[in-house]
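A short write-up of the structure that comes next.
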Amino acid sequence: MDERLRGKGDYSFEDLMEYTSVKEDWKRLESVLNQDYMLHKVMIEDSKQHGWGINYRVGQKTLCYIHPE
């Protein structure tokens, strides 16, 4: 998918996961991160540069930021 997920839709984490073509890789990464960290997932809604995404945080520190496209 070459298009960014854009707009002010009412998306959930599951909606973002369904949009991606690499959902198995994404789930595997999330599983590995959960083994070592107490993750907090923050949905970033339609940022100007990147569209929608999920920011994985530990406390106030960002481990990674993933975009579904």
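Charged neighbours of residue 64, selected by a Cβ distance under 15 Å, balance to +2 (K, R count +1; D, E count -1).
Report the local net charge at residue 30: Lys and Arg +1, Asp and Glu -1, summed over other residues whose C-beta lies under 14 Å from its C-beta. Summing Lys/Arg as +1 and Asp/Glu as -1 gives +1. Simple spin-label estimate for residue 45 and residue 13 gives 1.8 nm between the two label positions (7 Å along the Cα-to-Cβ direction from each Cα).
Estimated from the Cβ-Cβ distance and a Förster radius of 22 angstrom, the FRET efficiency linking residue 65 and residue 35 is about 0.65. Please work out the Kirkwood hydrodynamic radius for segment 13-66, using every pair of different C-alpha atoms, and report it in angstroms with one decimal place. About 11.7 Å for segment 13-66.
We did not get these values from a lab; they are worked out from the coordinates using the rules stated. Because the structure is a prediction, the values reported are computed rather than measured. In this analysis, Cβ positions are derived from the backbone assuming ideal geometry, glycine residues included, and neighbour counts consider all displayed protein chains.
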